Every structure is written in C-alpha cells, then in structure tokens.
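What follows is a set of notes on a single structure, which appears directly below.
Computed from the coordinates by the stated procedures, all read-outs in this text should not be read as laboratory data. Being a predicted model, the structure only gives us computed values, none of them experimental. No Cβ is skipped: glycine too gets one built from the backbone with ideal geometry, and neighbour counts run over all protein chains shown.
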Amino acid sequence: MLYIFIFIFCNKLDIGEEEFNARGDFKAQFVELPLYASLTEYKGIALGTSQNLILAKNSNYESRILLKFTFTDTTYQGLDEIKLSLFRNNIFHKDPIKFSLCLLTNSFNEVEANWYKRNSDEFWQNYGGDYETDSIRFGEINSDSLIVKFNYIELDRIRRAKGMIIIPYDSGFVGFYSREGGTAPRFQIVKNGMVTPIPLEADCHILSADTMPYWESWLGSGMAYRNYVKFTFDTTLIDKKAIYGELTFQPEKYFAMRETLEIGVKWLAEPLKGYDTRLGPLIALGRFSVKDTIFNIDIVRYVQRIIDHPDSNFGLFIYLTPENYDIANVKIVHGSHRLKVGYIEPPGER
C-alpha cells in the first residue's frame, strides 16, 4: 500500500500525448493561423542523380539525354552487332516520340550539367549541349526500349566523341531508367555470339523549362519549384500543446506523366533567402493523386516548434519529392493555404 501511495502522489512526470487521448477528459480547441505570405522559389537543378533519363518536349519543356561510355584502345574487328539500348520506366505515361542522336563535342559532368552548363564552372558554347550538326541516327521510340544499331564507321566516330546526346525531334514524353534507377543504358558489341558490354561512364538528362512568376504558387520537379508559405503566429498558442496541424491547399492545374505525386514539407531554419535557404528536416510527406481537388498534410511538428520558439517562425517550403524524379508541376490556387491548429492546455503534474 505504501508503494501505491508513493506512486500516485509523488509521480511528477508529464502526461503523454497518447494518454490525453486515452483518458478522454481533455477537450481540444482550434484556431486557424492567418496566411502571411505565399510565393514561388525555383531553380534549374542538375538532374544527374535522377533515377530516370527523360526525353520530352512540349510548349513549356524540352529534356535531352546525355550519355558517355568508356571505350578501351582495343581494335574492334569482325563484329556481328553494335548497339545502344535504353529501357523505359513504365511508371510514366509513354508517347511515341521521334528523336535524333548526335555526338558531343564537349565533355560534361553528369552531377553538375544542366541546360546551360556542362559542369559547375563551364558553360556550354550552345545552351542545350555542344554537338555535331550532322546526326548519327534518326528514329522513333514506340516500344518498351530504345535500341539503336551502328556500323563500324559510326562506332569509330562514337569512340572519338565526348559522348552522345539524344534530342526529341517532336512533341512527346518518355522516361528511361538511369543507372541510379535500375536497368542502366547499355552499349554492347557482339562477336561470334559473345556480348561485350562497354562501361557506362556518365548519364543524365538536361532540361529547359519556362520559369513561373514568383508571386504565384507552384510545385515542380525537374525544374524545381518550391512553394514558400508563412502563417502569422497566434499568441493564443503560447504555452499550449499542439495535437493537430492541418495544412491544406487547392491545386488549380497540373502537368504530370504519373498518376500520383509525393509532396514534402520542410521548415526554414533561417529567414527566406531564396531557393537555397537553409532548411530543417523533412516534417511531413504525403502521396496524392494528381486529380485530387485538395491536398491535406499534417504539420503538427512545425506548429509545436513555433509554439516553443515563436522567433523561429520563418515559414515552410512545400515541394515535390524527389525534385529530380520527373518533369511535373502543380499550380496552387493562390491564397488557398489554410493552417488549422488543434491545441490543449499543457499537461500538469500528477
């Protein structure tokens, strides 16, 4: 009995959040935080670490594929077949798309190259890649893989080049796997039935895209659009315990070649300085259909953070994740962001 008496009357631990729910004698109150600001920060990121190689073109985008294989000094004679193969990612919708394959005249760094730069320090002489004007091959992609066969003369040109570039010749979209995503592009030579693979040195895709007005609200992958939002802190929340933080916003239109999108949220660890503002950890992640009429994400972790540290309310970045996975964008109805907070009085001693 003495033990029970000491436990009941001397336990000073806080009541846990799960115990609030279990006991059922605490009623939550709600408040909606006013939207202070919403805008778009964007950046043409390098896409060399993407799981995909995307060949695409429409009125807003063009994506080209860059490849580099490492050939030895061996003289290739008596070959039966010389071929390049790329394998389609079936997650994406696929269009038949015509292409041209050209040889690069300048090298590139796959993790740094973009539409404007071939590496972090050097620009392409011509935006979109430096390549020979005469195409080595034209074709059309209309199956689950792209297979291009070459002859001896073309093989010699490929070996001497700085790599190759695949350019969309008309409108369409198709996604292939990169070496980070599974079945990597292959260059193979066949002699007497024996297949010899040529090592893949680098692969990436580079993207040219229209930039959206910063004063609108956009999410984007490929061209990385981050939606910055900030809500005004309500002093009613001081010293309260947040149990609910529902962030909602409405899509206005979208472009996407998949049925679903992943949306992440991170808080800003400092005042907004642009796309590269220092961020905190991922605090929420949701998967949504592109046809959803409203997006709903629980950000109670952020709400509790600004309750505990009101001077840390620098805002949030909402973004598509991963930002290099595909080519997609979502326009958000400007001003549609809502943040509804449920809170209770902090647990007392017992």
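I'd like the trypsin sites (Lys or Arg not before Pro) in segment 269-341 restricted to DSSP loop residues with at most 12 other Cβ atoms within 10 Å, sorted by number.
Values: sites: 273, 278, 287, 291, 301, 305, 331, 338, 340; in loops: 273, 278, 291.
Listed in order of number, the matching sites are 273, 278, 291.
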Highest GNM mean-square fluctuation among 260, 277, 72, for the chain with Cα springs under 10 Å, belongs to 72
Simple SL model, points at 7 angstrom along Cα→Cβ for residue 125 and residue 239; separation in nm is 7.1
At q = 0.18, 0.22, 0.23 1/Å the base-10 log of I(q)/I(0) from the Debye formula over the alpha-carbon atoms of segment 270-350 is -1.02, -1.40, -1.47
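Test of understanding: ordering 130, 156, 203, 121 by Cβ neighbours within 10 Å, fewest first, what list do you get? Let's see the in-between values first.
Working: 130 18, 156 12, 203 24, 121 8.
Taking fewest neighbouring Cβ atoms as first place, the list is 121, 156, 130, 203.
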Here FRET efficiency (C-beta to C-beta, residue 336 to residue 83, R₀ 56 Å, nearest 0.05) is 0.65
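Quick one: if the Förster radius is 22 Å, what FRET efficiency do residue 37 and residue 311 give, using the C-beta to C-beta distance and rounding to 0.05?
Values: r = 17 Å, r/R0 = 0.78.
So the FRET efficiency works out to roughly 0.80.
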FRET efficiency (residue 162, residue 49; Cβ distance; R0 30 Å; to 0.05) is 0.90
Residue span residue 269 to residue 216: 0.36 nm per residue of separation minus Cα-Cα distance leaves a gain in nm of 16.8 nm
In nanometres, the difference between 0.36 nm per residue of separation and the alpha-carbon distance of residue 279 and residue 296 is 4.0 nm
Percent relative contact order for the chain, counting Cα pairs under 8 Å at least six residues apart, stands at 28
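How large is the helix-only mean residue ellipticity at 222 nm for the chain, computed as the sum of -39500 (n - 2.57) over DSSP H runs with n ≥ 4, divided by its residue count, in deg cm²/dmol to the nearest 500? Please list the in-between numbers first.
Working: 4 runs with 34 residues, N = 350.
Counting only the DSSP helices, I get -2500 deg cm²/dmol.
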The aspartates and glutamates whose Cα lies under 14 Å from the Cα of residue 240, excluding any fewer than 8 residues away in the same chain, are 14, 17, 308, 345
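For segment 23-121, state the semi-axes of the equivalent ellipsoid (square roots of 5 times the eigenvalues of the alpha-carbon gyration tensor), sorted largest first and rounded to whole angstrom. Working shown, then result.
Working: eigenvalues 438, 76, 55 Å².
Listed largest to smallest, the semi-axes of segment 23-121 are 47, 19, 17 Å.
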Options (i) 63, 53, 36; (ii) 93, 52, 37; (iii) 60, 45, 40 for Cα extents along the principal axes in Å; the value derived from the coordinates is listed as (ii)
Flagged as over-length at 19 Å C-alpha distance, from 273/340; 43/266; 57/94; 68/149, the pairs are 273/340
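Could you tell me what a quarter of the Cα convex hull surface of segment 52-209 works out to, in nm² with one decimal place?
Values: hull surface 37.2 nm².
Computed as one quarter of the Cα hull surface, the answer is 9.3 nm².
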